[in-house]
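Step one of this worksheet: look at the structure below.
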Amino acid sequence: MAPWPVADDRFAASDHALQRVQEAADLFRRSGVLVELEGEEHRIFEAVVRPDRVRVDGQAEAERARLGMEVARAERMLANERFVANAPPEVVEGERTKLDRYRRQLDALGTH
């Protein structure tokens, strides 16, 4: 048995870059839409996801529409005072987390 690893603070600044790559990978795997990444983010995405091995005709507009509907749904739920007051706190926080993720993914797709 070994102790659970402890986070190394030297890599804390890189966490944001990996989050963006993870979101791009999620979008690509779900919809086939490629998000433009540059530099190190692009290199990591290419190495991990390997989009050149997948033949997908991503439909960015369809994915934007889907994400737009998810954002609207989550916003309606969180605007409902009864839901926020009566749902378990972890459920409400889960909806907030999903809403943030949907918005980031929508931003990553841009408004082309």
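Only the coordinates and a few stated rules stand behind these numbers; no lab work does. These numbers were taken from a predicted model, which means no experiment stands behind them. FYI the Cβ positions are ideal-geometry reconstructions off the backbone, even for glycines, and counts take in every protein chain you see.
Within the stretch 73-97, list the residues whose amide N lies under 13 Å from a label point set 7 Å along Cα→Cβ of GLN19. The answer is 97. Highest-first packing order for the peptide set 22-33, 72-83, 93-104 is 22-33, 93-104, 72-83, based on the mean count of other beta carbon atoms within 10 Å. In vacuum, with every alpha carbon of the chain counted as one equal point scatterer, what does the Debye formula give for log10 I(q)/I(0) at q = 0.11, 0.16, 0.18 Å⁻¹? Two decimals, please. Per q value, in the given order, log10 I(q)/I(0) is -0.49, -0.87, -0.98.
Normalising by the residue count of the stretch 16-109, find the relative contact order in percent from Cα pairs under 8 Å and 6+ residues apart. The value is 30 percent. From its DSSP helices (H runs of at least four residues, each -39,500 (n - 2.57)), the chain gives a residue-normalised ellipticity at 222 nm of -22000 deg cm²/dmol. When the Cα positions of PHE11, ALA85, GLN22 are compared along the charge dipole of the chain, ALA85 comes out farthest toward the positive end, with charges on each C-beta of Lys, Arg, Asp and Glu.
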